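Bear in mind that the values in this text are calculations on the coordinates, not laboratory data. Please read these numbers as outputs of a predicted model, since none were measured by experiment. Here Cβ is always computed from backbone atoms with ideal geometry, including for glycine, and neighbour counts include all displayed protein chains.
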Amino acid sequence: MAWIKWLSEVSQDDIEIVGRNCYDLSLLYKARLPVANGFCITKGGFLEFLSKSGIKTKVENLLSQANVDSKDALNVVSEEIKKLIINYDMIPELKREISEAYGNMSISSELHGLVNTGTISLIKAGRDTPYIMISNSFNENAIGQNVCLNSVKGLENILLALKKCWADSINGENLYRLLKNDVKEDTIYPGIVIQKMVNSSRAGVVYLNEDKIVIKAHWGLYGLMDLEKVKPDVYIVEDSELAIKDIEINNQA
């Protein structure tokens, strides 16, 4: 079974398995906006990793002994589960899929299926494997921190970064909701976005707030703002007129 979907392949029907962030990126990519090529590892990949590695049984044992009404106890359990995820080897099936997709990242996804494997191999041989960015992609039902890992290169480093993103979705709040049956297991887990790194001079986020568009921008990589290392400039744009109504410029030394 395939656990990888390229941005060019993601559709609205895939939101539940890839997460909202991946779906939004796919819309931008297919609109031919300047979005780096990449792919998403579906939630099914994580569930398969938990099952085939044997972690799932260990997790169930930990949860069966946890005090569901104690946040401290659930936080301790979440840390134990995170260690299991990070320390276990990647299952061969998923490792093979990721390795193949990573090897194709320097090739436009539009070429996949249009040229033969010999031509693809020739193109790949002349290009170095790229640095990539890895981030998680949650749905609205999940409670998790947006993790963004930059400048990752090499298959083994990618697999470790992937497991770190998975592990970060295991927190006390999500475990509480899971044990109380407020949510299904697969709704708290993220899809994972893997994108080719770009040498960005500026980055940021854009979102709608009622009738306004809010833009937060800064120099350098997007992940810096997530880590609160940089306080971004803020632009408020009137939705109807697309005119800038307010600007907040911050020191970005």
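Things worth noting here:
- Where labels lie 7 Å past Cα in the beta-carbon direction, separation of Asn75 and Val234 in nm: 2.8
- Cα→Cβ-extended label distance, 7 Å offset, between Glu248 and Asn199, nm: 3.3
- A Cβ-based charge dipole, computed about the Cα centre of the stretch 54-109 with Lys and Arg at +1 and Asp and Glu at -1, lands at about 60 debye.
- Rough spin-label spacing in nm, given labels placed 7 Å along Cα→Cβ, for Glu156 and Asp211: 5.8
- Highest-first packing order for the peptide set 10-16, 40-46 is 40-46, 10-16, based on the mean count of other beta carbon atoms within 10 Å.
- Charge tally for Ile86 (other residues, Cβ to Cβ under 9 Å; Lys, Arg +1; Asp, Glu -1): +4.
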